[in-house]
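Accompanying notes for the structure given below.
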Amino acid sequence: MDAILGTCSLGTLRQRKSFKWRTYPDDVLPAFVAEMDFDLAQPIKDAVIAALAIGDCGYAHRGDLGEAFAAFAAKRLRWSPDPAMVFPIPDVMTGVAEVLLATTPPGSGIVINPPVYAPFFFRLAFIGRRVVTAPLRRDGGGRYDLDLEALDQALAADGVSAYLLCSPHNPVGRVWSREQLLSVADLCRHHDVALLVDEIHAPLVLAGAEHVPFLCLDHEITERAVTFTSATKGWNIPGLKCGVAVAGSAQSARIIQDRWDALLAAHLGVLASAAAFTQALPWLDAVLGQLQENRLILARLLAEHLPGVGYVPPEASFLAWLDCRELGLGDDPAAQFLARGRVALSPGPDFGTQGRGFARLNIGTSPELITAAVRRIASAVTGTAGTAGTAGTPGM
């Protein structure tokens, strides 16, 4: 790996006190929640340390976050948002929930595309909104796509007020094309619904795919759209609690401004995010290169050790969606991988009923730990233990 990313030493990683490293005992290899294992980018460390050195731990001010994000978007996403339309928020899902509370009536339907990020389901329920599904369709090769016919029908259902789109998609790793997004825009306009777009994985689009920011489209529905993103996935800083909301119009901006007290980001997160967007691009490039390698390494390992597992390499991010139905482990194969192989993956059913028989594997780590994870999964399937003295040993 590039030296800038560190070594992902298991001994060092186990010193961390984050959710990933404190949820399970030390004999479990965690590969579930979306935290990467790489060292932090130095500019982010410097920004936080500099603030701590002068006691700068007060309430957040947006500072130059809008300009920093706009500069990143122009350089990496071919998009030039107005910095005045960029707002710090605590995280993407809090931003989504608050905008939906402000723009949709209680009990209204919100359309999503399962299998999809699990908090879409429970956060919508928490705010008193109904989940209406337009499942992704899947071809014979395992590749997922938007089902525009299903989306049209879902948006036409009684009481539907908004559509929450995941772009790039978690967990299947798809990056939607400009043509697909324009079709989505047409449907939202036709059915007169608001559109919220989760673009948190946009900084992590891999070679061969191109992310199209929704708000860069030349379409009238952007006036009713809000995009949500963050440095938290691209630079691995979710614990610093700062996301980004980008309003598509002055009216949408006022909705966010009016709810500022419910959308206070963490001050250190704002500082760290600005540093990430402006100074930590070489680190991001190293991550992208490693993830490009990792998705191919995983394909090779699965072919060698678990040929019954279906896998389409993701076009974005560090999450691999595994079709484990042929293994005969029931609706939640991750439970069997944990019990028998001492490796923790995200349960497929958490992403909707379409995830039954699937599991999500985090590959934002070293090739060695990906290898260890696959070996543990294989041991759960075959009933054999890992090789003694290696990272694949269930006891490590």
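Looking only at residues of region 239-254 that are in a helix (DSSP H, G or I) and open to solvent by less than 40 Å² (accessible area, probe 1.4 Å), we find that the one that is farthest from ILE221 (Cα to Cα) is ALA253.
Exactly one residue out of THR7, THR12 is over 17 Å from GLN279 (Cα atoms) and assigned to a helix (DSSP H, G or I), and it is THR12.
Residue check: is ALA156 open to solvent by less than 20 Å² (accessible area, probe 1.4 Å) and either small (Gly, Ala, Ser) or without any contact (Cβ under 8 Å) to a residue 24 or more places away in the chain (or both)? No.
As a summary of the residue check, THR371 satisfies the conditions (1) within 30 Å of PHE121 (Cα to Cα); (2) over 19 Å from the mean Cα position of the chain (by Cα); (3) surrounded by 18 or more Cβ atoms within 10 Å (Cβ to Cβ) except for the one numbered (1).
Scanning region 54-74 for residues that are small (Gly, Ala, Ser) and free of Cβ contacts under 8 Å to residues at least 60 places away in the same chain returns GLY55, GLY66, ALA70, ALA74. In region 159-171, which residues are part of a strand (DSSP E or B) and open to solvent by 10 Å² or more (accessible area, probe 1.4 Å)? Across region 159-171, the qualifying residues are VAL160, SER161. Residue count for region 174-203 under the criterion of being closer than 22 Å to SER252 by Cα and either among the aliphatic types (A, V, I, L, M) or in contact with a Cys (Cβ under 8 Å, 6 or more places away or on another chain) (or both): the result is 13. Tallying residues that are over 27 Å from ASP39 (Cα atoms) and either of a type in the set (Asp, Glu) or surrounded by fewer than 24 Cβ atoms within 10 Å (Cβ to Cβ) (or both) within region 334-354 yields 9.
Criterion first (within 30 Å of ASP46 (Cα to Cα), open to solvent by 10 Å² or more (accessible area, probe 1.4 Å), over 16 Å from the mean Cα position of the chain (by Cα) and of a type in the set (Ser, Thr, Tyr)) does THR232 satisfy it? No; evaluated as a whole, the condition is false for this residue. Scanning region 361-393 for residues that are modelled with pLDDT under 85 and touching a Pro at 6+ places or on another chain (Cβ under 9 Å) gives ALA385, GLY386. Using the structure shown, decide if ALA262 is buried (at least 23 other Cβ atoms within 10 Å of the Cβ), modelled with pLDDT of 95 or more and out of contact with any strand residue (DSSP E or B) (no Cβ under 8 Å at 6 or more places or on another chain). Answer is no for this residue. What number of residues within region 337-361 satisfy the criterion of being touching a Lys or Arg at 6+ places or on another chain (Cβ under 8 Å) and in contact (Cβ under 8 Å) with a residue 60 or more places away in the chain? The number of residues fulfilling the criteria is 7.
Are there strands (runs of 3 or more DSSP E) fully within region 58-158 with at least 3 residues that are of a type in the set (Val, Ile, Thr)? List them. So the answer is 109-112, 130-133. Filter region 295-316 for residues that are hydrophobic (A, V, I, L, M, F, W, C), open to solvent by less than 50 Å² (accessible area, probe 1.4 Å) and part of a helix (DSSP H, G or I) and give the result. Once the filter is applied, which keeps residues that are hydrophobic (A, V, I, L, M, F, W, C), open to solvent by less than 50 Å² (accessible area, probe 1.4 Å) and part of a helix (DSSP H, G or I), region 295-316 yields ILE297, LEU298, ALA299, LEU301, LEU302. Evaluate region 276-294: report whether one residue or more is assigned to a loop (DSSP other than H, G, I, E, B), of a type outside the set (Phe, Trp, Tyr) and either open to solvent by less than 20 Å² (accessible area, probe 1.4 Å) or modelled with pLDDT under 95 (or both). Checked region 276-294: at least one residue is assigned to a loop (DSSP other than H, G, I, E, B), of a type outside the set (Phe, Trp, Tyr) and either open to solvent by less than 20 Å² (accessible area, probe 1.4 Å) or modelled with pLDDT under 95 (or both). Among the residues of region 186-224, just one is part of a loop (DSSP other than H, G, I, E, B), in contact (Cβ under 8 Å) with a residue 60 or more places away in the chain and within 19 Å of ALA157 (Cα to Cα), namely VAL193.
Among the residues making up region 320-363, those that are among the aromatic types (Phe, Trp, Tyr) and closer than 22 Å to PRO119 by Cα are TRP321, PHE351, PHE358. Counting only residues that are hydrophobic (A, V, I, L, M, F, W, C) and within 28 Å of GLN292 (Cα to Cα), region 183-216 holds 12 of them. Does at least one position in region 92-112 carry a residue that is free of Cβ contacts under 8 Å to residues at least 12 places away in the same chain, open to solvent by less than 60 Å² (accessible area, probe 1.4 Å) and over 28 Å from PRO168 (Cβ atoms)? There is no residue in region 92-112 that is free of Cβ contacts under 8 Å to residues at least 12 places away in the same chain, open to solvent by less than 60 Å² (accessible area, probe 1.4 Å) and over 28 Å from PRO168 (Cβ atoms).
The condition (being in contact with an Asp or Glu (Cβ under 7 Å, 6 or more places away or on another chain) and surrounded by 20 or more Cβ atoms within 10 Å (Cβ to Cβ)) is satisfied by just one residue among ARG174, ARG189: ARG174.
The values are calculated or read from the model by the stated rules, or taken from the named source; none is laboratory data. Model, not experiment: these values are computed from the prediction. With ideal geometry, Cβ positions are generated from the backbone for all residues, glycine too; neighbour counts draw on all protein chains shown. These accessible areas exclude ligands, DNA and RNA; they are computed on the full protein's heavy atoms, side chains included. Shrake-Rupley method; radii C 1.70, N 1.55, O 1.52, S 1.80 Å.
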